[in-house]
Each structure stands twice: as structure tokens, then as C-alpha cells.
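Notes to accompany the following structure.
The values are calculated or read from the model by the stated rules, or taken from the named source; none is laboratory data. As the structure is a computational prediction, the values presented were derived from the model and not from experiment. FYI the Cβ positions are ideal-geometry reconstructions off the backbone, even for glycines, and counts take in every protein chain you see.
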Amino acid sequence: MKQKSQGISSGIYRYTHRCESGVNIHDIFVERSAFRVLFSYVGATCLLANVCRTLLSKESLCLGSFWSVPFSAIISKCLQYNPVKKESLVIMPAFGIQLEQHFWSGRVDRKFVPISKILQPVLNECVTPVTCYWSLALLLRDEDETMLVFQNLHPPVKLLLPIWKALCAFTNTGSISPS
Amino acid sequence: PLIPRPEQPIQAPLRSGDGDGDVPAVTFLLLRRPRSTNARTGSSYFSYVTSPISHAMDGQSRKHRILMVSDFFFPNFGGVESHIYYLSQCLLKLGHKVVVMTHAYGKRSGVRYVTGGLKVYYVPWRPFLMQNTLPTLFMTFPIIRTILIRERISVVHGHQAFSTLCHEALMHARTMGYKVVFTDHSLYGFADVGSIHMNKVLQFTLADIDQAICVSHTSKENTVLRSGISPDKVFMVPNAVDTAMFTPSSNRLSCDEIIIVVISRLVYRKGADLLVEVIPEVCRLFPKVRFIVGGDGPKRVRLEEMREKFSLQDRVEMLGAVPHAQVRSVLISGHIFLNSSLTEAFCIAILEAASCGLLTVSTRVGGVPEMT
């Protein structure tokens, strides 16, 4: 049960790498933003207040009060903050990889990809109308779409590089040995 | 050959007005600097930007990171697009780093690498009018800033006055303090509504640029009058053609029949109406003359009607749209090249025809007289 940990951090993201009982675990931790938590509570309170006002003031109901409910529902949905505590990539040699998302609420989403399905990990530059960022994706066999390794986070390329190298080493050893 | 190959060291005029046009240089702004040779690159003769900026370099050839911005780039085909492409390739050969920024074409969006390691950003802004991005004043600022910072750009080079993305990029780059160069490729008017608006925008964007490049003296006059910038800032660098691609035919053509070739977009601006008047007249006066007309456009119908009316089906051959790879084979089948445009800042078609060994006849407009 060897445990080796190395860390790099940049901004709100922090990267650690551990080896536990034969598997490699790459984690990216995110710091929780207090402002966004506050805004999500504000949004929820807004929605609750609007609903109560509409229900309680029966005499002075108008179109505005009717439409304020879905409007505040949209606002609270936008402000909703389901914070990700960390995203992990667990590499099981000669077996596959597992993508995990740990949320602050305690929920964990996991997804397993067998080694035979992975063709190649790639570092992509994604261009949107307002920005351009790097992302790590996996090319899969028999699939048109690539699978993103980190779905909720946009860590900087400095943190993605060691993970990409580890994945390349993993897929190369996997392709050499018969699966 | 009429035009020197790009590998030979070529001296371009330092200031416009010195050049007499008989050495139509290469498409990049050269400044011959007899400095000490840099052992790594082998030739430190050329610096990309002009003397006021390179004084800071202390005689060492410095490598720049250049961002070319225009709405017009491949897969759209045209003069400006090939200019940007060939210019970028030449700069890459000199050791500089070049990045091109343009808007997305259909599904082609994101980052692409083309020949020579040229990186192209197809930014997903929708074009709204004639391949131009929607001119929102500040909404392109985030993506332009991101690209400038992540590529560590040192010089921003905008192309074509009619490109809104180019103007916005120049404005934002200059606000952030980058060095800015602008190249104008066409002549524009002063009187119609579109031109008036564009000239106003040009006066605003070009007020603070470092240098401007025009492709002929006429174009320089036109740009200076439209934008109000000082003529000292404007350099004249004529366009060039790849002579390796446009070589004359190895066989001599027979002189029983004189073949006149016309290759252009058949639109009003390129003088298609003049062709309709001239071709029957020439065919009547000279029985041994044949025409080959390549290209497509709205005026093609008029040319077909002219053919029918004067029964010139055996003397006028209509080829339709000619792909760029086949232009040379069409050109070498003729003796004379005819260009009938109504306005032209610099006619590359004439250069291509001359490079293939044809005699050229053209309307005396714009920058064409400077080419002789």
C-alpha cells in the first residue's frame, strides 16, 4: 500500500498524484468559492419569495406576478452552484481508467472506460466565441465523439500535461500487450 | 524569367516613391540591413518591421510572433487569401512565428495547422455580409485578447479594409499597446453610402497604427486620402506571383490563329460589360482571332447572349469556373491576355499571365500603369 504524492497548483486548481495498491490516481482539487455559494442562496431565496408573494397576495394578482415565478426560477437555476470538490482519474494498468467527480455535497459520479475502447488521449484547444482553453479528451474506438476527461473543470495546461503523459504511457503499454 | 524568384535576396524600396516598379519584389516588407550574420539562421538581412521599430533591436535579427487578422482566408478563395497565405509561409521560412485569425467557415471552426506549421484560428463568429463578421464593437475583444496573450504575439497585421474583424482586432491590439500593421488590397470610392461609412471606420481604426502597406502608388494615394493617415507611415510593397508555379509553356504555339485569353470573375467591377462590346468588334476586324473566356459570375449570361447574337460559337470558347490549379494550363494555351477591369489596385492576373509568357492588354485603371 504505497502512497506517493506530488502536487502542482495553479490558481484555484491543485493537482496531486498518488499510487495506491497498484493503481495511479490523478486528482484535481478545486477551491470552493464563497461568493458563488452566497449567490446560489440568494437565488433560491428570491425564488421562494416570489412564489410566496404570488400565492399569498390573491387579491392583487396580475400578469407581472404570474411571470415573476418562472423568471426567478430561471435566475435561481443560473445561480445554482453544485460545486465540484475534485475530479479524479484512476488508471488501472492493463484494465482501464475510471473518471470520478466528487461534489461538496458528498455525491460521487463515476464512469469506467475499458482499455480496449481507448485509442489515444489528446490535448485539444477549444475555441469559443469569447475564449480559448485547453482540454484533455480521449479518442474512443467506434465512437464519433471524444470523451472529456474533466467534464466540469477547465484546469490550465500546466496541470493537464502530466496527466496526459501518464495516459499516453498507459495506452502505449496497453496497445503493446494483448488485451 | 520576368520576375525574380523569392530565394534571391531582393532590395525593396525603403520609402514609397523610390521604387520604379521594375523589380516587383516579394510580398513581405523587407529592409536590407547589413548587420552581422547570425550563425543560427544564416542570414540576418531581413527584419519584418520597419526601421523606427527595429532600432530597438541593436542590429540583431529579432524573431517576431505575428498575428495575421482578416475575415478572408482559406477555404474562401481569392487574392487576399493567397496573399496572407504566401506571406505567412515566407515569414515562417525566415524563422518568425505566424498565427492567422479569421472567422469560422461553416463547420470549419477551432484551431487548425496548415503547411509549415502555420496555426489558424477559426473563431466561431458568424459572418453576416459578404464573408464579414458581425461588427460588434467590443464583443470580439475577449477572444482577441486571449489569442494575443496565449500566443505571445508581438506584431498584429491586419488585411483588407473591408474586413470588420481586421478593424476590430487592430483597434483592440492598439489599445493594448501592440505594434500594428495594416495592408490595404483594394481601391475604394468616396461617394456611395457604403464607402462613406467604411472610410469613417478606417479613419478611426488607422488613426494610431504604426505602419501601413499598400500594393501600388495609386492604392497608397487612395488609402491616404480615405483614412487621413500621414503618407510617411504608408509603404508601397507590390504583390508578387509564384514564378515556380506560373512558367511558360515549353512548346511554342502556332501563329496561324491568335488566341486571346480572359480569366476573371464575370462581374460588373471586372468589366464584363466591356468584354461584351469588345469581343464582337475584334472578331469582325480580325478574322484569325479566337477568344477563350474562363470564369463565372452574374454577367456570364450576357456573354452567352452575345455569342448567340453574333454567331461566335466557334470563335469564343466559354470555360466556366476555372479551378486555381488549372489556371496555368488555360493561360499557356493563349498568346494574349486581356484584362478589362474597371478598377484595380494591383492586378495579379496580369502578373500571372506575364509569368506564363503571354502578352498582356489591360484597361488603364488604378495601379495597372505602374506595372509596366
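General remarks:
- Single residue of region B:128-169 satisfying the filter (touching a Leu at 6+ places or on another chain (Cβ under 8 Å) and more than 22 Å from residue B:89 (Cα to Cα)) that is nearest to the other protein chains (Cβ to nearest Cβ): B:140
- Screening residue B:271 with (1) outside the structural domain of residue B:198 (by the TED database); (2) surrounded by fewer than 22 Cβ atoms within 10 Å (Cβ to Cβ) gives one miss only, at (2).
- Restricting attention to region A:9-37, the residues that are closer than 25 Å to residue A:80 by Cα, of a type in the set (Val, Ile, Thr) and crowded, with 17+ Cβ neighbours inside 10 Å total 2.
- In the set (1) closer than 27 Å to residue A:104 by Cβ; (2) small (Gly, Ala, Ser); (3) exposed (fewer than 12 other Cβ atoms within 10 Å of the Cβ), residue A:40 fails one condition alone, (3).
- The residues in region A:89-103 that are over 12 Å from residue A:152 (Cβ atoms) and touching a strand residue (DSSP E or B) at 6+ places or on another chain (Cβ under 7 Å) can be counted, and the count is 7.
- For residue A:109, the conditions (1) closer than 17 Å to residue A:24 by Cβ; (2) surrounded by fewer than 15 Cβ atoms within 10 Å (Cβ to Cβ); (3) at pLDDT 90 or above are fulfilled apart from (1).
- Residue list for region B:167-196, filter: touching an Asp or Glu at 6+ places or on another chain (Cβ under 7 Å) and either assigned to a strand (DSSP E or B) or surrounded by 21 or more Cβ atoms within 10 Å (Cβ to Cβ) (or both): B:179, B:180, B:181
- The set of residues in region A:110-142 that are among the charged types (D, E, K, R) and away from every other protein chain (no Cβ under 14 Å) comprises A:110, A:111, A:117, A:141, A:142.
Let's see how each residue does on (1) charged (D, E, K, R); (2) within 18 Å of residue B:202 (Cβ to Cβ); (3) in the same structural domain as residue B:206 (by the TED database):
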{"site": "B:128", "(1), (2), (3)": "no, no, yes"}
{"site": "B:135", "(1), (2), (3)": "no, yes, yes"}
{"site": "B:140", "(1), (2), (3)": "no, yes, yes"}
{"site": "B:143", "(1), (2), (3)": "no, no, yes"}
{"site": "B:152", "(1), (2), (3)": "yes, no, yes"}
{"site": "B:157", "(1), (2), (3)": "no, yes, yes"}
{"site": "B:163", "(1), (2), (3)": "no, yes, yes"}
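- Check on residue B:126, more than 20 Å from residue B:181 (Cβ to Cβ), in contact with a Phe, Trp or Tyr (Cβ under 7 Å, 6 or more places away or on another chain) and at pLDDT below 95: no
- So residue B:116, is it within 10 Å of chain A (Cβ to nearest Cβ) and at positive phi: no
- Restricting attention to region B:307-338 and to residues that are among the β-branched types (Val, Ile, Thr) and not in a loop (DSSP other than H, G, I, E, B), the residue that is modelled with the lowest pLDDT turns out to be B:327.
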